[in-house]
1. Could we say that residue A:56 is free of Cβ contacts under 8 Å to residues at least 24 places away in the same chain and either within 21 Å of residue B:275 (Cβ to Cβ) or of a type in the set (Asp, Glu) (or both) here?
2. Quickly run through the range B:120-135 and pick out the residues that are among the small types (Gly, Ala, Ser) and buried (at least 24 other Cβ atoms within 10 Å of the Cβ).
3. Find the helices (runs of 4 or more DSSP H) located wholly in the range B:346-398 whose residues include 3 or more that are open to solvent by 20 Å² or more (accessible area, probe 1.4 Å) and either at the interface with chain A (Cβ under 9 Å from one of its Cβ atoms) or in contact (Cβ under 8 Å) with a residue 40 or more places away in the chain (or both), and list them.
4. Before we move on, is residue B:403 aromatic (Phe, Trp, Tyr), surrounded by 24 or more Cβ atoms within 10 Å (Cβ to Cβ) and closer than 28 Å to residue B:454 by Cα?
5. Only residues that are within 19 Å of residue B:66 (Cβ to Cβ) and facing another protein chain (nearest Cβ under 7 Å): list them for the range B:439-452, please.
6. Quick check on residue A:246: is it within 13 Å of ligand 2 (Cβ to nearest atom), more than 18 Å from residue A:35 (Cβ to Cβ) and of a type in the set (S, T, N, Q)?
7. Against the definition (among the β-branched types (Val, Ile, Thr) and away from chain A (no Cβ under 14 Å)), how does residue B:466 come out, yes or no?
8. Quick one: how many residues across the range B:145-167 are at positive phi and among the hydroxyl-bearing types (Ser, Thr, Tyr)?
Amino acid sequence: MSIPSIIRILLLGIILVLGGLWIGQNVNLLPVDASLNAAVYDELFRVLFSIGTILFLGILGLVLFSLIKFRRRPGQQGDGLALEGNLSLEVFWTAVPAVVVLFIGLYSFDIYDRMGGMVPLNHGAHDHQQMDMQQNIWGGIGANVEVSNTDNALAALPVEVTALQYAFLFHYPKGDIISGELHVPKGQLVSLRLEAKDVIHAFWVPEFRIKQDVIPGQPTVLNFTATKTGRYSIVCAELCGPYHGSMRSAVVVDEADDYNTWFSNNAKTTVSEA
Amino acid sequence: MTAAIPPTSDEQLDHLQPTGWLRYFSFSLDHKVIGLQYLVCGFIFYLIGGLLGGAIRIELASPMSDFMARDVYNQVLTLHGTVMIFLWIVPVVNGAFGNYLIPFYVGARDMAFPRLNAVAFWMIPPAGLMLISSYFITGAAQSGWTAYPPLSITTPAAGQILWILSVLFLGGSSIFGGINFIATILKLRRPGLKLMQLPMYCWAMLGTSILVVLSTPVLAGTLILLSFDIVVHTGFFNPGLGGNAVVYQHLFWFYSHPAVYIMVLPAFGLVSEILPAHCRKPLFGYTTMVYSIMTIVVLGLVVWAHHMFTSGTPPWMRLFFTIATSFIAVPTGIKFFNWLATLWGGRISLNSAVLFSCGFIVNFVFGGITGVMLAQVPFDIHVHDTYFVVAHFHYVVYGGSVFVIFAAIYHWYPKITGRMLNEHLGRFHFLITFIGFNLCFAPQHWLGLNGMPRRVAEYDPQFTFINQLSSAGALLMALSTLPFLWNVVQSAINGPIAGDNPWKALTPEWLTSSPPPVENWTGEAPLVTEPYGYGVTEEQFQKTATNNSDRRSSDQ
Ligand code: HEM
Ligand SMILES: [Cu+2]
Ligand SMILES: [Cu+2]
């Protein structure tokens, strides 16, 4: 291979990488980010989107180039090059993807950790007498919060979510509120404990980038902190019957004051507000 | 096992088996007849599955549920998935091409167990008919092709039971086929033919059949337990009776993740046959191809829980399956780079077979990239069970396997019928399939990212336009089958005569007449030790390139 062609390839590679990075960082395919998770998620998305774009455009380019450059011209006879393999090339394209994939795996592990995904699910359940009353948590993000030790303001706001065909019910143990919509204060950690009555459903808020199946007989947990006030859809994402497509609710994120007003208007039992 | 070899069976078969078109409706033992039975039967189910898919896209052209009743919609989407997987892709990439090609490739006159082979095929039409007719008789199953309990236990039982029966039959057929392929490849090879001299499709089928034999019985057992839950109210998967609904998901995906490789590994094999013949080059990296296939087989068995990241799975499990799944991209990547290197420096005929193969490469790379994204737990938690996943798997299953099926039909049609297909129509078919497919499925990635779940009949009106775009793509895909069907029928009657080896290919099926005789060769089977022995040296390549006058001016 001559020097100019190596330079040309290098140049093309650099353009490809820069172009892919640009697309990955600047093309926005996601809805607004309204939770702490969402910001972290979007960071991961941009990295994966950049790597994906570089790879895809590179391979697309190679295919198109080969098809044009090495196409059989009219009247042309004879075979192509007798290349049966090339050990160093093959080692190269085994090693590079392995490193890329390893990087992606470690990076997404880090992201998942920052989302609270690696916190043991049944954290805090052990040294309590209610331990046998407390059901095992089977999956989710973040630790299960117990109602009894949430009286201080810094602790998570616990909400019990029940899914049934075709609605979500939200129970606030603190004020004994039952609501068809989820109300949460902005900036406050919320801990959902989810369980289904009939079939499997899934709790999804696209603007929060979180989802958790809601399973009969196997409670799950989902912790999040909303960061933008507004009203967002809660979508059921697991086929649960004929009306699955209309199984929706909403989460209302309010400033703390507005939330407190809502809470005291609805609370059945008086609780000490912090 | 001896049935395939004795020379006397020649006359025997002639007496016992119908000849002419009738034999395609008979319990024929000829592997080529059985292969074609699989292919045509599969294609009919593809048309049915396509109609069902079209019905889904019509419903989704508007955000309201206004085209079908809601429970009918769920029946339609369940049937669509089941038909496409179990009655179209799996039987065609395995049964159809496997039966047609494997005996040629190993230098045998038939499969190892011809009778089992015929039984395996003849289990399919009744099972398919049962599945389709369940819609008319009792109402079909409504719980998706995944049939997750408790939903599948609580929806109308008759349809679900017929669904289970039909899938059990199809699974059984698939296991019989798998056993037969393993035996044929390992035991019926012509003396002197070594494993590492086999055409790559044999390796792909060996790997696939291992997956079939290991994982399909698990599906069968799981579905039998599910049917107990439905019929006699046992509580294996029913939380109301103390069962565990998530265990079903583990068992189901222990089969169904390997199932995706059962759908795509044979397609990888077919592409490895098609590209070298039309690029006039050896298949690049034969040995690494073989090892990648086997690595995919092993890894494919330990990644199933990536379908359950939002289910009842603890953190460590989510993490383990992320890493294992991501690493499948490495052997898969090797295969793609090998194909790219096979294109490089070739003398590529840009015919329909090559266009569909290259369309496959492009589509599958896209689907593989979204696959690796989905393998990352934190990424998947947002898009699981949304249209992003629908887009991903259509890119790999349709953009991958179905594109390869078309490429394979364009490639082997001259061998099967003795006549050539019309190339202009073929390229036109490719063009509208490629455009229609991408128009249909690319926008679905955006839908999933922005909040549209899968398996819904109604959706947020903000998604209307993108859904209509996708439906327009589906319409184009439906139309694209017309030139294909016309071409296949028309050319069978008066296409130009192909001759024995129109592509000047080196694999054994081309070294006999077109169509091949019963028992494949009139004399002894040829010993092909270099199925990919194409190619010239660098100097000769340059010479043939510059000999050509119209080339000299444009490129020096
Ligand atoms: C690079 C290789 C691949 C990776 C890393 C990968 C990864 C994944 C992941 C993580 C999911 C789960 C997504 C979710 O439900 O949230 C998935 C779904 C799926 N994949 Fe792939 N995939 C790959 C290749 C394939 C291939 C080759 C096929 C089939 C030919 C395939 C077919 C499917 C199907 C059918 C589903 C959806 C199943 C369902 O829920 O109905 N994938 N893939
Ligand atoms: Cu639902
Ligand atoms: Cu999978």
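The values are calculated or read from the model by the stated rules, or taken from the named source; none is laboratory data. A quick note: this is a predicted structure, and the numbers were derived from the prediction, not measured. When we count neighbours, we look across all protein chains shown, and the Cβ atoms used for this are built from the backbone with ideal geometry, even at glycine. Heavy atoms of the whole protein, side chains included, go into the accessibility calculation; ligands, DNA and RNA do not. Shrake-Rupley method; radii C 1.70, N 1.55, O 1.52, S 1.80 Å.
1. yes
2. B:120, B:128
3. B:352-374, B:387-396
4. Here the answer is yes, as residue B:403 does meet what is asked.
5. Selection gives nothing.
6. Answer is yes for this residue.
7. No; evaluated as a whole, the condition is false for this residue.
8. 0
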